[in-house]
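None of the figures in this text is laboratory data; all of them are computed from the coordinates on show. Here the structure is a predicted model, which is why all the values come from computation and not from measurement. Reconstructed Cβ throughout: ideal geometry from the backbone, glycine too, with neighbour counts over all protein chains shown.
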Amino acid sequence: MAQGRERFRSAFSTPWFVIEESVGADPASQPYYRLAGPDGAICLPLTRTGEIVLVRQFRPAIGQMTLEIPAGSIDPGETPEAAALREVMEETGYRCRRIHRLGRGRLLPNRCSWSEYFFLGLGAESDGPAESGAETLVMDRAAFRQLLADGQIEQSAVFCLLGMATMGLSVDLLTDPVEVIYRAVDGAGAEV
């Protein structure tokens with residue numbers, strides 16, 4: 001495929017995403033397909049004592065239950081920060097008192113058109129029930145780290161988020177004292 005901007009048209013549409021097909025100048029060339037949809041927000045919520053708030057939910061795409069940090073699409077007119085806070089609340093029933101944007105990236109640029117915004121949520125507190133079908137788990141960071149090491153958490157966005165925190169805040173979210181994490185966020189600014 002030639003480099004540059006391809007034109008795409010909808011080949012199949014759902015309420016959550018669209019499969020688009022490239023429209024090339026050369027009718028003999030093979031079409032390229034991509035998933036298009038809204039940008040997303042991913043948030044790792046920490047309680048005041050440094051525990052991580054997770055969601056266990058069934059994922060039809062892989063036919064199994066997963067253990068994840070909250071994530072979801074950004075609604076039209078919604079800021080990435082507002083989407084991250086909303087997703088934490090919907091998926092876990094927790095509300096973050098503060099949120100810090102760690103960065104933006106693309107998890108599957110070979111196949112998907114959207115970007116993901118990565119956030120660290122601070123001061124997460126229970127504020128109601130999680131959405132139907134979601135189970136909230138709160139665990140200490142050592143246990144979370146062990147789940148990552150054992151391959152029990154397959155959400156690759158978690159690793160991206162941890163790396164962004166290390167690079168942007170100079171902290172290890174899994175081992176540094178929670179006070180160090182809060183100070184790093186305070187020194188970085190740019191939070192809601």
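Semi-axes of the equivalent ellipsoid for segment 1-160, computed as √(5λ) from the eigenvalues of its C-alpha gyration tensor and ordered from largest down, come to 34, 16, 15 Å.
Cβ-Cβ distance of residue 29 and residue 9, R₀ of 22 Å, FRET efficiency by 1/(1 + (r/R0)^6): the value works out to about 0.90.
Apply the a/c threshold of 1.5 to the C-alpha gyration tensor of segment 72-142 and tell me whether it is rounded, prolate or oblate. It comes out prolate by the Cα gyration axes. Remark: segment 182-187, residue by residue, has Karplus-estimated 3J(HN,Hα) of 4, 4, 5, 5, 4, x Hz, where x stands for each Gly or Pro and the curve is 6.51 cos²θ - 1.76 cosθ + 1.60 at θ = phi - 60°. Annotation: extensible slack from residue 125 through residue 154 equals 7.9 nm (criterion: 0.36 nm per residue apart, minus Cα-Cα distance). Across 48, 59, 95, mean-square fluctuation computed from a Gaussian network of the chain (C-alpha pairs under 10 Å connected) peaks at 59.
Please list, by residue number, every one of the chymotrypsin sites (Phe, Trp or Tyr not before Pro) in segment 1-108 that is coil in DSSP and has at most 14 other beta-carbon atoms within 10 Å.
Those satisfying the criteria are 16, 32.
Could you give me the percent of Cα pairs per 5 Å distance bin for segment 30-87, shortest bin first, beginning at zero and ending with the bin that holds the maximum distance? With a bin width of 5 Å, the distribution comes to 4, 16, 18, 19, 20, 12, 7, 3, 1, 1, 0. Computed over the alpha carbons of segment 79-192, Rg followed by Dmax gives 14.4, 39 Å. Note on residue 97/residue 66: beta-carbon distance plugged into 1/(1 + (r/R0)^6) with R0 of 22 Å gives a FRET efficiency of 0.25.
Gaussian network model of the chain, Cα springs within a sub-10 Å range: biggest mean-square fluctuation belongs to which of 55, 171, 18? Residue with maximal mean-square fluctuation among 55, 171, 18: 18.
Here residue 90 and residue 21 are evaluated by their C-beta separation; at R0 = 25 Å the FRET efficiency comes out at 0.15.
Shape of segment 63-108 from the C-alpha gyration tensor: oblate (a/c of 1.5 or more and a/b not above b/c, with a ≥ b ≥ c the square roots of its eigenvalues). Within segment 1-70, all pairs of alpha-carbon atoms sorted by distance into 10 Å bins from zero give the percentages 16, 28, 25, 19, 10, 2, 0.
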